[in-house]
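The values are calculated or read from the model by the stated rules, or taken from the named source; none is laboratory data. Every value quoted in this text rests on a predicted model; they were computed, and no experiment measured them. Here Cβ is always computed from backbone atoms with ideal geometry, including for glycine, and neighbour counts include all displayed protein chains. All accessible areas refer to the heavy atoms of the entire protein, side chains included, with ligands and DNA or RNA removed. Shrake-Rupley method; radii C 1.70, N 1.55, O 1.52, S 1.80 Å.
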Amino acid sequence: MYNLRARLEKIQSVRLRNCPSVRATVDMPKIKNARKRLDEYFPDIEALRHATAHKGENEAHPEVHAPDGLYALTGFLEPDRFSTPYKGTQRYLNITDQSFQNIVDVVAEFLSAFETTATELERQGHLE
């Protein structure tokens, strides 16, 4: 999830900026809305990434990361939900059909922002 979020951001903020002729045909409000929806659906993406990537360090300092001073337990403590403490808050990611559908919807909206661009590139003979 973190890598998906980073990739969408990179396309919007770096790749399109480097190609103004393509950017002019991209539906930027759709891109922004897709990224906003991803953050709304999965607000703990960044915290989960940091908690997972630095699990050992976080477990060594439960007074900083574990809510209410409890031990920093990570994993599937509830069905269909991965959770881990980070900076004193229990962070989670639901792994359900609905969360998968939310990902599909966000990616579909993001890619739909390029429909006009693809049509124009095809018209120009630049799309194979």
Original post:
Between region 11-26 and region 88-128, what's the alpha-carbon centroid distance in Å?
Top reply: 16 Å
Original post:
How much mean residue ellipticity at 222 nm does the chain get from its helices, if each DSSP H run of length 4 or more adds -39500 (n - 2.57) and you divide by all residues, to the nearest 500 deg cm²/dmol?
Top reply: -16000 deg cm²/dmol
Subject >> Residue-level accessible surface for TYR41, protein heavy atoms, 1.4 Å, Å² >> reply: 90 Å²
Original post:
Once Lys and Arg get +1 and Asp and Glu get -1 on their Cβ, which of PRO85, VAL104, THR117 lies farthest toward the positive end of the dipole of region 85-128?
Top reply: PRO85
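Roughly to the nearest percent, how much of the accessible area of the chain is carbon and sulfur, given a 1.4 Å probe? Working shown, then result.
Values: 4390 of 8410 Å².
C and S fraction of accessible area: 52 percent.
Taking Cα atoms of the chain, Rg/Rh with Kirkwood Rh, to two decimals?
Working: Rg = 18.9 Å, Rh = 16.7 Å.
With Rg and the Kirkwood Rh in hand, the quotient comes to 1.13.
With every protein chain present, what is the per residue accessible area of the chain (1.4 Å probe, Å²)?
Working: 8410 Å² over 128 residues.
Ligands and nucleic acids excluded, the result is 66 Å² per residue.
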**OP:** Grab the Cα-Cα distance for SER13 and MET1, subtract it from 0.36 nm times how many residues apart they are, and report the gain in nm with one decimal.
**Re:** 2.5 nm
**OP:** Pick out which of GLN12, GLN98, GLN90 has the largest mean-square fluctuation in a Gaussian network model of the chain, springs linking Cα atoms closer than 10 Å.
**Re:** GLN98
Original post:
Counting only the heavy atoms of the protein chains, how much of LEU111 is accessible to a 1.4 Å probe, in Å² to the nearest 10?
Top reply: 110 Å²
